[in-house]
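J.: Structure provided below as structure tokens; questions to follow.
The values are calculated or read from the model by the stated rules, or taken from the named source; none is laboratory data. Please read all numbers here as calculations on a predicted model, not as lab measurements. Glycine also receives a Cβ, built like all others from the backbone with ideal geometry; neighbour counts cover every protein chain displayed. In case anyone asks, the SASA skips ligands and DNA or RNA and just uses the protein heavy atoms, side chains included. Shrake-Rupley method; radii C 1.70, N 1.55, O 1.52, S 1.80 Å.
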Amino acid sequence: MSYTMNVLEQAKKNNPGEPEFIQAMTEILTTLQPYVDARPEYEKAGILERLVEPERAVLFRVPWVDDAGKVRVNRGYRVQFNSAIGPYKGGLRFHPSVCLSIIKFLGFEQIFKNSLTGLPIGGGKGGSDFDPKGKSDREVMAFCQSFMTELYRHIGADTDVPAGDIGVGGREIGFMFGQYKRVVNRFEGVLTGKGLTYGGSLARTEATGYGLVYLVDEMLRRHGKSLEGRTVAVSGSGNVAIYATQKVQQLGGKVVTLSDSNGFIYDAEGIDLSLVKDIKEIRRGRISEYKGHKPGAVYTEGRGIWNIPCDIALPCATQNELNGDDAKTLVKNGCFAVGEGANMPSTLEATEVFLQNKVLFAPGKAANAGGVATSALEMSQNSMRISWSFDEVDQKLRGIMVNIYDNIAAAAKEADCEDNFVAGANIAGFKKVAEAMMQQGTV
Ligand code: NDP
Ligand code: 2IT
């Protein structure tokens, strides 16, 4: 068996009961195999054995008091995966499904994604099984303060810089930043996605969704196509979905779907985004409420969003939300491009269906890298104690996404699998991290 497949088999044995982490390793190591096996110096240096093992993982108790005066306990995580090219960087996820497997898959993906941005950031991820849904602002604050009362000792502006992810937006970052500053008695850029009054970057809120659409737009243009007049299916209705929808609309496409964990809406006239923002960003409501304000729209409980015919699909909710059957349905309905706004939204089977059917497929670690890239721009602004304008940040973001497209396309071509951006992204992301690890010796 090849070196790469040996490491994968051993890693599967070493991480029992961690299906998401195994899925992410399987995808990455399988596509890296020809590249790595042709370079025996990597085997000698144990590069892959080191890559699949986090540098450090902390798991901690998070006790807090709810509005009824009862003590609740959640689990906190921070996995510091790889610091070869910069301080650990990656989001925090608050969702009841959070477990070590999910945090490790996200942290592992983050290594390659952050490398693709071209910026000096290592890979990490964290979070908790805390569910912010239905909690009062005071309960969310109590949780965030308790979470940071432990997390603060593991992070720092030059050590590890967390940010948002599912369930963690501006409100949560604010509460965590306030507690960090209070405990360490230092005002520093330890978190990104901060509010604009205390060190946040303009365009960070929009960055993941905008970046996704910039990358997809570039991929389409290089293939003689565009977003103009296209029907687009977007899933999710959180930060990434909302700003992906906004940018598609600005570029002349029509978004006809959005979803949450309860169901999805289909609006053949095109999504009314100000209505969605009011429901989701201001009232923290459910996507089903859309129908009450837009009678022409259809709300369907449960799965099924990928049955809606579209030219382009942008899954922006969560991992494994699009399976092999969904992919076949999309292909049958004429979908010719997919951009992953979420992390690992397509199952391995779905990815295979897209590649076999020559769908232009932009994998998450390339397509959604605009969020973390803009976080790195926030870190730069904090270090320099300056703030760039919205347009400056947006221009840089666009440039970064075009550069990512160029790099993943070139890596795919070099590996003799033109337009396979899964392989292209994994190889391009790996190269820089592996080289840095080689130069830094056995650490
Ligand atoms: P939000 O919390 O803002 O929104 C998440 C959306 O996905 C909600 O509509 C939510 O529905 C839905 N969702 C979450 N979990 C599930 C689930 N288990 N089943 C079905 N739907 C679900 O998160 P973001 O928009 O920030 O994140 C969305 C995706 O994008 C995630 O995969 C995240 O890792 C990825 N991402 C985010 C970045 C960022 O900068 N925020 C950067 C790069 C990637 P509900 O309200 O019902 O839970
Ligand atoms: O998955 C991701 O890239 C994020 N959630 C954003 C991470 C960050 O540090 O901005």
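J.: Could you derive backbone 3J(HN,Hα) for segment 361-370 from the dihedral phi with the Karplus parameters 6.51, -1.76 and 1.60 (θ = phi - 60°), listing whole Hz in sequence and x where the residue is Gly or Pro?
T.: 10, 9, x, x, 5, 9, 5, 9, 6, x
J.: Might you work out the accessible area of T442 for me, using a 1.4 Å probe with all protein chains in place, and round it to the nearest 10 Å²?
T.: It works out to around 130 Å².
J.: Can I ask one more? Give me the tail of P(r) for segment 302-443 as a percent: Cα-Cα pairs with distance above 25 Å.
T.: Above the 25 Å cut-off, segment 302-443 has 39 percent of its Cα pairs.
J.: Once phi is turned into θ = phi - 60°, what whole-Hz ³J(HN,Hα) does the Karplus curve with 6.51, -1.76 and 1.60 give for every residue of segment 427-435, x standing for Gly and Pro?
T.: These are the phi-based 3J(HN,Hα) values: 5, 4, x, 5, 3, 5, 5, 5, 5 Hz.
J.: A follow-up question, please. Given Cβ point charges of +1 (Lys, Arg) and -1 (Asp, Glu) and nothing else, what value in debye, to the nearest 20, does the dipole of the chain about its Cα centre take? Numbers along the way, then the final one.
T.: On the way: 50 positive and 52 negative charges, 206 e Å.
For this selection, approximately 1000 debye.
J.: Report, largest value first, the span of the C-alpha coordinates of segment 7-148 along each principal axis, in whole Å.
T.: 61, 33, 21
J.: Which of the aspartates and glutamates could a cross-linker span from K225 if the Cα-Cα distance has to be under 16 Å and same-chain partners fewer than 8 positions apart are dropped?
T.: Of all the aspartates and glutamates, those that pass the test against K225 - Cα under 16 Å, at least 8 places apart if same chain - are D217, D311, D419.
J.: While we're looking at this one, here's another question. In whole Å, what is the distance between the alpha-carbon centres of segment 193-261 and segment 137-178?
T.: Taking the Cα centre of segment 137-178 as reference, the centre of segment 193-261 is 26 Å away.
J.: Right, here's the next one. Using alpha carbon centroids, what distance separates segment 1-72 and segment 347-417, in Å?
T.: Cα centroid of segment 1-72 versus Cα centroid of segment 347-417: 22 Å apart.
J.: Separate question: Given DSSP loops and a limit of at most 13 other Cβ atoms within 10 Å, what is the longest stretch of the chain that contains no such GluC sites (Glu not before Pro)? Could the numbers behind the result be given before it?
T.: On the way: sites that count: E228, E269, E418.
Longest site-free region, per DSSP loop and neighbour criteria: 1-227.
J.: If you scale each eigenvalue of the Cα gyration tensor by 5 and take the root, what three semi-axes come out for the chain, rounded to whole angstrom and sorted largest first?
T.: Numbers: eigenvalues 175, 171, 86 Å².
They are 30, 29, 21 Å, listed largest first.
J.: Another one. Rg and Dmax in Å for segment 386-429, alpha carbons only: what are they?
T.: 13.7, 44
J.: When the Karplus curve 6.51 cos²θ - 1.76 cosθ + 1.60 is applied with θ = phi - 60°, which whole-Hz ³J(HN,Hα) does each residue of segment 340-350 get, with x for Gly and Pro?
T.: Whole-Hz 3J(HN,Hα) from phi for segment 340-350: 8, x, 7, 8, 6, x, 8, 5, 4, 5, 4.
J.: Quick one, what does Rg over Rh come out to for segment 353-409 if you take C-alpha atoms and the Kirkwood Rh?
T.: Working: Rg = 14.6 Å, Rh = 12.9 Å.
Here Rg/Rh amounts to 1.13.
J.: Hey, what number do you get for the chain at 222 nm if only DSSP H runs of n ≥ 4 count, each worth -39500 (n - 2.57), divided across all residues, to the nearest 500? Each step should come with its number before you reach the end.
T.: Working: 17 runs with 209 residues, N = 443.
Using -39500 (n - 2.57) per qualifying helix, the result is -14500 deg cm²/dmol.
J.: Based on the inverse mean of 1/r over its pairs of different Cα atoms, what is the Kirkwood hydrodynamic radius of segment 113-164, in Å? Before the final figure, lay out each step's value.
T.: Working: mean 1/r = 0.0764 Å⁻¹.
Taking the inverse mean of 1/r over all distinct Cα pairs, segment 113-164 comes out at 13.1 Å.
J.: Restricting the calculation to Cα positions, tell me the Rg (one decimal) and the Dmax (whole number) of segment 154-224 in Å.
T.: 15.7, 54
J.: At a 1.4 Å probe radius, carbon and sulfur cover how many percent of the accessible area of the chain? Mind showing how you got there, number by number?
T.: Working: 8680 of 17460 Å².
Using a 1.4 Å probe with all protein chains present, the chain comes out at 50 percent carbon and sulfur.
J.: Which entries of K135/K291; K89/K413; K89/K328; K194/K294; K12/K89 have Cα-Cα distances beyond 27 Å here?
T.: Values: K135/K291 25 Å; K89/K413 29 Å; K89/K328 35 Å; K194/K294 33 Å; K12/K89 25 Å.
Flagged as over cut-off: K89/K413; K89/K328; K194/K294.
J.: Right, here's the next one. Residues with amide H under 5 Å of N82's amide H, sequence separation 5 or more or different chain, H placed in the peptide plane at 1.01 Å from N; which?
T.: E55, G123
J.: Using the Kirkwood formula over every pair of different C-alpha atoms, what hydrodynamic radius in Å results for segment 146-304?
T.: Details: mean 1/r = 0.0572 Å⁻¹.
One decimal place: 17.5 Å for the Kirkwood radius.
J.: Rounded, prolate or oblate: which fits segment 117-235 when a ≥ b ≥ c are the square roots of the eigenvalues of the alpha-carbon gyration tensor, with rounded for a/c under 1.5 and prolate only if a/b beats b/c?
T.: Note, shape of segment 117-235 comes out prolate.
J.: Just to verify a number: what accessible area does M438 come out at with the full protein assembly present, 1.4 Å probe, Å² rounded to tens?
T.: The accessible area comes out at roughly 70 Å².
J.: Would you mind working out the magnitude of the charge dipole of segment 364-443 relative to its Cα centre, with +1 at each Lys and Arg C-beta and -1 at each Asp and Glu C-beta, to the nearest 20 Debye?
T.: Numbers: 7 positive and 10 negative charges, 57 e Å.
Here segment 364-443 has a charge dipole of around 280 debye.
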